[in-house]
């Protein structure tokens, strides 16, 4: 196993029934994290470094960690890339309609 | 004007078009503030000291300030009481369906 892979901590994700509403709302209360979720709502998955957000890499890593630990996204290692995906099915099971309702409010807010 | 009234700072509220989604989501990412909003969704208005929440008065004041400044509630002085109300019409105008969607998710989360 290459050193760079071996040293990475395991990526933990909450079980679907452990997804906490307050964690989800906190995760979505930030514009960068909202942008990430909005993009992942439209795409199957995406490498972390390819999101059009203007923040430092360490800040971006923090945002992805908040999103992952809240249950909004999964992350997996693929060679030297980390791939993110929205947990759309899990979120719809846990809180039906919630994420789309918040994304719709965001789209509406961006229009005004 | 009695001294106790004169010394109170004015209660400021954002205009409806200034209500910010990220502020609303942050305000609702706390269990005590969610409880206050849930109760105000069902009642016209209520004195601040009468909510069934187990937090220190200074903490409760902070929670009401976050809720007011986010645009979720109004507060007004009535003699020696401060009365809170949900800005249901303003919120429905700004972000249709959002607050009810989040409250429904909270009710669902509380059941599981």
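Among the residues that make up the stretch B:89-96, is at least one of them touching a strand residue (DSSP E or B) at 6+ places or on another chain (Cβ under 7 Å) and outside any strand (DSSP E or B)? If you could, list the steps in order and put the result at the bottom.
Taking the stretch B:89-96 first, the residues touching a strand residue (DSSP E or B) at 6+ places or on another chain (Cβ under 7 Å) are none.
No, every residue in the stretch B:89-96 fails to be touching a strand residue (DSSP E or B) at 6+ places or on another chain (Cβ under 7 Å) and outside any strand (DSSP E or B).
Scan the stretch B:18-41 for residues that are in contact with a helix residue (DSSP H, G or I) (Cβ under 7 Å, 6 or more places away or on another chain), at the interface with chain A (Cβ under 8 Å from one of its Cβ atoms) and either surrounded by fewer than 18 Cβ atoms within 10 Å (Cβ to Cβ) or not in a helix (DSSP H, G or I) (or both) and jot them down.
The answer is B:22, B:28, B:29, B:30, B:31.
So is residue B:64 surrounded by 18 or more Cβ atoms within 10 Å (Cβ to Cβ) and touching a strand residue (DSSP E or B) at 6+ places or on another chain (Cβ under 8 Å) or not? Please lay out each step first, then the result.
On the way: surrounded by 18 or more Cβ atoms within 10 Å (Cβ to Cβ): yes; touching a strand residue (DSSP E or B) at 6+ places or on another chain (Cβ under 8 Å): yes.
Judged against the criteria, residue B:64 is a match.
Yes/no matrix, rows are residues, columns are (1) within 18 Å of residue B:31 (Cβ to Cβ); (2) at pLDDT below 95:
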{"residue": "B:48", "(1), (2)": "yes, yes"}
{"residue": "B:52", "(1), (2)": "yes, yes"}
{"residue": "B:65", "(1), (2)": "yes, no"}
{"residue": "B:74", "(1), (2)": "no, no"}
{"residue": "B:81", "(1), (2)": "no, yes"}
{"residue": "B:85", "(1), (2)": "no, no"}
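Please go through the stretch B:74-112 and pick out each residue that is surrounded by 14 or more Cβ atoms within 10 Å (Cβ to Cβ) and away from every other protein chain (no Cβ under 14 Å).
B:74, B:75, B:82, B:83, B:84, B:85, B:86, B:87, B:88 - these are the residues of the stretch B:74-112 that are surrounded by 14 or more Cβ atoms within 10 Å (Cβ to Cβ) and away from every other protein chain (no Cβ under 14 Å).
The values are calculated or read from the model by the stated rules, or taken from the named source; none is laboratory data. All of these numbers come straight from a predicted model, not from anything done at the bench. Note that each Cβ is placed from the backbone with ideal geometry, even for glycine, and that neighbours are counted across all protein chains shown.
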